[in-house]
1. Take the Cα coordinates of region B:1-121, assign each an equal point scatterer, and use the Debye formula without solvent to give log10 I(q)/I(0) at q = 0.10, 0.13, 0.19, 0.20 Å⁻¹.
2. Once you've got the GNM for chain A with C-alpha springs shorter than 10 Å, pick whichever of A:57, A:262, A:141 has the biggest mean-square fluctuation.
3. So, in nm, how far is label residue B:151 from label residue B:72 when the simple model puts each one 7 Å beyond its Cα toward the Cβ?
4. Could you work out how far helix B:112-123 tilts from the main Cα principal axis of chain B, as a 0 to 90 degree angle to the nearest 10?
5. Evaluate the Debye formula for region B:50-125 with equal point scatterers sitting on the alpha carbons, no solvent, and hand back log10 of I(q)/I(0) at q = 0.19, 0.20, 0.26, 0.28 Å⁻¹, in q order, two decimals.
6. For a test of the definition: using alpha carbon positions, the gyration tensor, and the 1.5 limit on a/c, classify region A:164-223 as rounded, prolate or oblate.
7. Could you calculate, for the protein assembly as shown, the ratio of the Cα radius of gyration to the Kirkwood radius, expressed as Rg to Rh?
8. Provide a whole-number value for the mean count of partner chain Cβ atoms within 10 Å of the Cβ atoms in peptide A:177-187.
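Please treat every number below as a calculation from the coordinates, not as lab data. These numbers come from a predicted model, not from an experiment. Virtual Cβ from ideal backbone geometry, glycine too; neighbours counted across all protein chains shown.
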């Protein structure tokens, strides 16, 4: 483990990604301290609406005259909460299903995997939109929509990894020794496939944040005045290209988080999953 | 045969389905076909044969890693061939399987200590200090220093991994251990050390071994009895000295002729078998050895010979063995 961290620390790209993530996480945690107009999440000052970046409103103001910089900081909280909780739920659903389906053979595991295929057959964003639309706009529903659409990725991954891991001699030996299936799955198989789960989860964070922003953009995210980034960009459309800062800074924020997770995910994959690294080098 | 056998195998069959592209079954691979033998407590029964003759399948079927297609395996008065995995778990304590490569049977992410504790956690209710004591006792028995407990499998040598693999099995104090090719891939000097270890452990723990190997010289050295397998069937079984002195089955005869000897004739000159064994998915009629047998006659194509115990301490499945 220490070795893995050291290797990761040597990789500049993933360290840069980690730095980006840390910046956003800190921004989210310290939002009330860092923001210049913490009240502007809900308050508006129509007198200064759509003012360009200036010493008082660092990143300009939106159509209500609220400070975009402050709203972005609070928006980071929403984005990260949605992404982390949604992914956590998706992992908690997908990993056990993949483990069980991969460990056992037969009708039951086929059914589980065909079930996850159904979710994969529909484009993720369409399914997420349909669910979010049906349930109504709120943070909880976005989380629900995202986790329902994303769990099959983990189920698939864990299924395939479990299948191949089960053929390893040490797993067979553990079974022959008389270990219970639960023990074999949780103590032997899960630790040896954990690295691919970690990699998939890190890279998945980026995608989930994008999808969450898209839902917000389409008006399916948390309702106003929540400073959700996707929604802010959607609002800005009417004032483009004049009020460029209105769309540019939330867009930049989304770009930074997604970029951060993708860079870190790539770095982790290189360190944890040598097979994939070789494939990408040959490219 | 004396006393009650500790392990009795009756007409054990293991067929693997052969499927085509559409997963339709198009035939059976007969890995084990009516295998019968008994094992006496305290003896070492060697199981020899070419690659692919079903030696490993036999071991794994006895262990319940594969479920038997038909037949009985009587162990401690109970038929274990039919048991589902969770039902046989208790019996596993007494019947253990040692992998061809015991190093690979250790979880690479676990320390040696964790791997050695595991069987005890699974099968006993011992407390941690008691387990640790047992682990240290076994570790000493297989000749490893206690300092190795905190190492990972990749940090020790192949021979030491084997010892750990063996120790892991012995922590449960089993009565029968199936050794699958325990000496393959080892230096001759390490082989000798490992074999000595097997013998001393047998004495110390009163073990019965099923010794699966293709190395005839090793089998001759340590086994009390030998079963020779050919294409999923036992073709000859008997006391080691008798089999090696007077092999009855033509297959055994050609196998023994193939043992290289210093100063002896070249193996290629004396080896009487020609060609490859037929595919176990498509066996010849009658005796399955007849396609390569120097003594095959018309009868062999019609009738499958059964094991005949016509000699003292020896039985062979051949119409014309004398």
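1. Here log10 of I(q) over I(0) equals -0.39, -0.65, -1.16, -1.22.
2. Between A:57, A:262, A:141, it is A:57 that shows the largest mean-square fluctuation.
3. The modelled label-to-label distance comes out at 4.7 nm.
4. On a 0 to 90 degree scale, this one is about 80.
5. Values, matching the q order: -0.94, -1.00, -1.26, -1.33.
6. Because a/c hits 1.5 or more and a/b exceeds b/c, region A:164-223 counts as prolate.
7. Radius of gyration relative to Kirkwood radius: 1.15.
8. 5
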